[in-house]
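One structure is given below, encoded as structure tokens.
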Amino acid sequence: AQSVTQLGSHVSVSEGALVLLRCNYSSSVPPYLFWYVQYPNQGLQLLLKYTTGATLVKGINGFEAEFKKSETSFHLTKPSAHMSDAAEYFCAVSGDSGGYNKLIFGAGTRLAVHP
Amino acid sequence: KAGVTQTPRYLIKTRGQQVTLSCSPISGHRSVSWYQQTPGQGLQFLFEYFSETQRNKGNFPGRFSGRQFSNSRSEMNVSTLELGDSALYLCASSLVGGSNTEAFFGQGTRLTVV
């Protein structure tokens, strides 16, 4: 079975500061990993994904994440936070459902950005 | 191109009633998945349909069911509603539905059971 743990349900940063959202996964098969963002009263938007190949993945809005198999981690970073980054972020894993589409989500991290 | 459309956006139902939610995927997408989002349980997978067949099912009671039509539109139904069914129900579509493909989410239907 697969699972995701997001460390820190709330993270607060200053505008312009580094954003670091932590995600650790558990998987008995090579995982596919995703980061999604959710704004209030909205659905989920994909920020980036790791499937195979390069372990440093760049996404939209200046976000990136690095897949570290030895640490079973897929942390999300952004060098400089913007007010518009305030939202809830979800890490997700898939890959052990016979090739079919099934995402297992972490509990989410709410990011606050203050001036 | 148009995104994933879920209707209605908001719904209020009474305990014991049933409800049907609708999802229109992105044109050309054949896989539709449904998720339930609650403050207590987070985002949980309900089921996935591909070419009118349910390929995957989450750990939910039989009161939760779904179907997919030949045009890939999908509906989910919840019978005998309970207070705990109050949630945001999200639909996601993807091109072919492989576990490494991107899922595009709709804005969700917020169901309140009173």
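Derivation of every value follows stated rules applied to the coordinates shown; laboratory data play no part. It should be emphasised that the depicted structure is a prediction, and the values quoted were computed from it without experimental measurement. Here Cβ is always computed from backbone atoms with ideal geometry, including for glycine, and neighbour counts include all displayed protein chains.
Laid out as a table, the results:
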| read-out | value |
| --- | --- |
| Restricting region B:102-114 to residues that are within 13 Å of the chain's Cα centre (by Cα) and over 18 Å from residue B:29 (Cβ atoms), the residue that is surrounded by the fewest Cβ atoms within 10 Å (Cβ to Cβ) | B:110 |
| Within region A:60-106, tally of residues that are under 25 Å from residue B:34 (Cβ atoms) and either within 11 Å of the chain's Cα centre (by Cα) or without any contact (Cβ under 8 Å) to a residue 12 or more places away in the chain (or both) | 15 |
| Positions within region B:57-67 being buried (at least 18 other Cβ atoms within 10 Å of the Cβ) and either without any contact (Cβ under 8 Å) to a residue 12 or more places away in the chain or closer than 17 Å to residue B:105 by Cβ (or both), in sequence order | B:66 |
| Whichever residue in region B:69-78 is within 14 Å of the chain's Cα centre (by Cα) and either of a type in the set (Gly, Ala, Ser) or within 26 Å of residue A:1 (Cβ to Cβ) (or both) and, among such residues, is surrounded by the fewest Cβ atoms within 10 Å (Cβ to Cβ) | B:72 |
| Test: residue in region A:91-101 that is among the aliphatic types (A, V, I, L, M), within 14 Å of chain B (Cβ to nearest Cβ) and in contact with a strand residue (DSSP E or B) (Cβ under 6 Å, 6 or more places away or on another chain) | yes |
| Selection from region A:56-90 of residues that are away from chain B (no Cβ under 14 Å), of a type in the set (A, V, I, L, M) and surrounded by 16 or more Cβ atoms within 10 Å (Cβ to Cβ) | A:65, A:76, A:81, A:86 |
| Among (1) within 14 Å of chain A (Cβ to nearest Cβ); (2) exposed (fewer than 11 other Cβ atoms within 10 Å of the Cβ); (3) in contact (Cβ under 8 Å) with a residue 12 or more places away in the chain - the single one residue B:39 does not satisfy | (3) |
| Single unsatisfied condition, residue A:2 versus (1) closer than 22 Å to residue B:104 by Cα; (2) under 15 Å from the mean Cα position of the chain (by Cα); (3) surrounded by 19 or more Cβ atoms within 10 Å (Cβ to Cβ); (4) in contact (Cβ under 8 Å) with a residue 60 or more places away in the chain | (2) |
| Residue within region B:80-101 that is in contact with a Lys or Arg (Cβ under 6 Å, 6 or more places away or on another chain), away from every other protein chain (no Cβ under 14 Å) and more than 20 Å from residue B:28 (Cα to Cα) present | yes |
| Number of the condition not met by residue A:52 [criteria: (1) within 18 Å of residue A:108 (Cα to Cα); (2) without any contact (Cβ under 8 Å) to a residue 40 or more places away in the chain] | (1) |
